[in-house]
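Chemist: Just passing along the structure, written as structure tokens.
The values are calculated or read from the model by the stated rules, or taken from the named source; none is laboratory data. It should be emphasised that the depicted structure is a prediction, and the values quoted were computed from it without experimental measurement. Here the Cβ positions follow ideal geometry from the backbone for every residue, glycine too, while neighbour counts run over all protein chains shown. To get the accessible areas, we keep the full protein, side chains included, count just its heavy atoms, and leave off ligands, DNA and RNA. Shrake-Rupley method; radii C 1.70, N 1.55, O 1.52, S 1.80 Å.
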Amino acid sequence: MAAARREIQAVDRDLALTSGATMRAVVDESMGDHRFRTTLLSLFAGVALLLAALGIYGVLAYFVSQRSRELGIRLALGAKPEALFRMVVGQGMRPVGIGAVLGLAGAVTVTRLMQSLLFGVTPVDPAAYAVATATLAVIALAACAVPALRATRVDPLVALRDE
């Protein structure tokens, strides 16, 4: 700032420099609202992702606990644990796949409303949709894997003795 004041004084002694800022500070101030909205939107998206993962896990854990007798019988009759794992994960991922397709369709139709919030991407950006869908699929798969592993460890004798 001192150098800027000296240069201004050299050009015109009557001109006073009352305040000054770096270009970085000007850009930061002009982008503050957008950064706040983006941070808030990211926070809500993260919470929604966590709730979705917990919901999938909870539903599948309940499914496995309710069907432990059936899963035990399948194991007792010779079902391979890998087949049981695939069955439970498949039953958990089926609604996730349907939800992903419906969600993508809804997102494409609603993007026109959000167009003013998007910077540097087109409203229908295939790469962004692919990354979002892949992220949700991986998280859903992880949420399905824990109850599915529990299903493969059901002791057939305990399951048959129950009730």
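Chemist: With the full set of protein chains in place, find how many percent of the accessible area of the chain is carbon and sulfur; take the probe as 1.4 Å. Intermediate values should be presented prior to the final figure.
Modeler: Numbers: 7890 of 11630 Å².
That fraction is 68 percent.
Chemist: Modelled label-to-label distance, Leu43 and Ala2, 7 Å Cα→beta-carbon offset: nm?
Modeler: 4.1
Chemist: Give me the distance between the Cα centres of segment 1-80 and segment 107-138, rounded to whole Å.
Modeler: First find each Cα centre; the distance between them is then 16 Å.
Chemist: Taking volume of the Cα convex hull per residue in Å³ as the quantity of interest, determine which of (1) 180; (2) 106; (3) 114 was computed from the displayed structure.
Modeler: (1)
Chemist: Highest mean first, what order results for 27-34, 12-19 on Cβ atoms within 10 Å? Intermediate results must be reported in sequence, preceding the final value.
Modeler: Values: 27-34: 10.5, 12-19: 7.4.
Top to bottom by mean Cβ count within 10 Å: 27-34, 12-19.
Chemist: Accessible area per residue for segment 23-160 in Å², computed with a 1.4 Å probe and the full protein assembly in place, what is it?
Modeler: Numbers: 9150 Å² over 138 residues.
For segment 23-160, the solvent-accessible area averages 66 Å² per residue.
Chemist: I've got another one for you. Can you find, among Leu51, Leu102, Leu117, the residue farthest towards the positive end of the dipole of segment 39-121? Put +1 on the C-beta of Lys and Arg, -1 on that of Asp and Glu.
Modeler: Result: Leu102.
Chemist: To continue, here is another question. What does the extension gain come out to for Val101 and Leu149, with contour length at 0.36 nm per residue minus their alpha carbon separation? Numbers along the way, then the final one.
Modeler: Numbers: separation 48, 0.36 × 48 = 17.28 nm, distance 2.67 nm.
Gain on stretching Val101 to Leu149: 14.6 nm.
Chemist: With +1 on the Cβ of every Lys and Arg and -1 on the Cβ of every Asp and Glu, and nothing else charged, how large is the dipole of the chain about its Cα centre, in debye rounded to the nearest 20? Don't skip to the end; give the middle numbers.
Modeler: Numbers: 16 positive and 12 negative charges, 111 e Å.
Charge dipole, the chain, about its Cα centre: 540 debye, nearest 20.
Chemist: Something else about it: Using the per-residue mean of other Cβ atoms lying within 10 Å as a proxy for protection, in what order, highest first, do the peptides 97-110, 69-82 fall?
Modeler: Numbers: 97-110: 12.3, 69-82: 15.2.
Highest to lowest by the protection proxy: 69-82, 97-110.
Chemist: Using 0.36 nm per residue of separation minus the Cα-Cα distance, give me the extension gain between Gln115 and Gln9 in nm, one decimal.
Modeler: Details: separation 106, 0.36 × 106 = 38.16 nm, distance 4.64 nm.
Full extension of this stretch gives 33.5 nm more.
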